[in-house]
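One structure is given here, and the rest of the page talks about it.
The values are calculated or read from the model by the stated rules, or taken from the named source; none is laboratory data. Since we're looking at a predicted model, the values are computed, not measured. Cβ coordinates were reconstructed from backbone atoms using ideal geometry, including for glycine residues, and neighbour counts include every protein chain displayed. Quick note on the areas: whole protein, heavy atoms, side chains included, nothing else; ligands and nucleic acids left out. Shrake-Rupley method; radii C 1.70, N 1.55, O 1.52, S 1.80 Å.
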Amino acid sequence: MYSILKFGSVTQFYGEKISIRFCSSGMTLDNINRAAVDRIIRVDHAGEYGANRILAGQMAVLGRTSVGPVIQKMWDQEKAHLKKFNELMVAFRVRPTVLMPLWNVMGFALGAGTALLGKEGAMACTVAVEETIAQHYNNQIRMLMEEDPEKYQELLQLIKKFRDEELEHHDTGLYHDAELAPAYVVLKSVIQAGCRAAIYLSERL
């Protein structure tokens, strides 16, 4: 049986001998740098999954407070990011990181734990995570631009769009008093160190 995938205005069947085209670009299973694209999709899928779990933890604690709608709005965007990377995982036959169960538990614990510090703690977590993710997306953008910006045009556009939305979340966190969290500098540094370790491991495992 063949499955049907739709990206943009292009519909493709895929099976053992049929390539998948990503939207209207020249990016197919046959002509991409498979190792690089596998790493990008795997780690970005893991990152968006982790972000969803963090926000789920924050909503569990703060969902009924005045900041609940702010967290929910960010969570809705992260759900859209995760949905897109779920589609790309199927389209480009990328396996998820084996650490998904760990990110499930740790993401929720981080979100709930920082939310227990109050609105400021949750927003400090958001600032730390989103700043790290935006830097990571920028690294991917540079790499794809150096390799072949025309071939990877639509993947680049997707990553840039998601990066910009992560930066909006970062600014939202600052606006909602992230810097007033207890031991803000230390908390931010610890969370970012954990994020960088998660990125490193998710790319490789």
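What the Cα convex hull of the range 141-182 gives, in volume per residue, is 63 Å³. Taking every C-alpha pair closer than 8 Å and separated by at least 6 residues, the mean separation divided by the residue count of the range 34-203 gives a relative contact order of 30 percent.
For the options Ala35, Ala134, Ala91, a Gaussian network treatment of the chain with springs between C-alpha atoms closer than 10 Å singles out Ala35 as fluctuating the most.
On the accessible surface of the chain, probed at 1.4 Å, how many percent belong to carbon and sulfur atoms?
Working: 5870 of 10210 Å².
The value for the chain is 57 percent carbon and sulfur by accessible area.
Seen against the Cα atoms of the chain and their longest principal axis, helix 119-147 is set at about 30 degrees.
Extension gain for Met143-Lys73 works out to 22.1 nm (0.36 nm per residue, less the C-alpha to C-alpha distance).
Run the dipole for the range 34-203 about the Cα centre, Lys and Arg Cβ at +1, Asp and Glu Cβ at -1, nothing else charged, and hand back the magnitude in debye, nearest 20.
About 560 debye.
Rounded to the nearest 20, the size of the Cβ-charge dipole of the range 63-104 about its Cα centre is 60 debye, with Lys and Arg at +1 and Asp and Glu at -1.
In sequence order, the range 83-96 has phi-based couplings of 4, 5, 6, 4, 5, 5, 4, 6, 4, 9, 6, 9, 7, x Hz under the Karplus curve 6.51 cos²θ - 1.76 cosθ + 1.60, θ = phi - 60°, and Gly or Pro positions carry x.
Extension gain for the segment Asn104 to Arg196, taken as residue separation times 0.36 nm less the Cα-Cα distance, is 31.5 nm to one decimal.
Determine the order of Glu48, Glu120, Glu147 by accessible area, beginning with the largest, at a probe radius of 1.4 Å.
Values: Glu48 0, Glu120 55, Glu147 80 Å².
Heavy-atom accessible area, descending, gives Glu147, Glu120, Glu48.
Excluding ligands, DNA and RNA, what is the solvent-accessible area per residue of the range 34-203 at a probe of 1.4 Å, expressed in Å²?
Values: 7770 Å² over 170 residues.
Per-residue value: 46 Å².
Spin-label model, Leu180/Arg93: points 7 Å from Cα along the beta carbon direction are separated by 5.4 nm.
Considering only Gly50, Gly107, Gly68, the Gaussian network model of the chain with Cα springs below 10 Å gives its largest mean-square fluctuation to Gly68. For the chain, the mean residue ellipticity at 222 nm estimated from helices alone is -24500 deg cm²/dmol, where every DSSP H run of n ≥ 4 contributes -39500 (n - 2.57) and the total is divided by all residues, rounded to the nearest 500.
What does the convex hull of the Cα atoms of the range 87-205 come to per residue, in Å³, rounded to a whole number?
On the way: hull volume 13.2 nm³, N = 119.
Expressed per residue, the convex hull around the Cα atoms of the range 87-205 is 111 Å³.
For the range 29-90, the direction-averaged projected area of the alpha-carbon convex hull comes to 4.3 nm².
For the chain, the orientation-averaged shadow of the C-alpha convex hull comes to 11.6 nm² (one quarter of the hull surface). Using a Gaussian network model of the chain with C-alpha springs under 10 Å, which one of Ile32, Ile133, Ile191 is most mobile by mean-square fluctuation? Result: Ile32 has the largest fluctuation of those listed.
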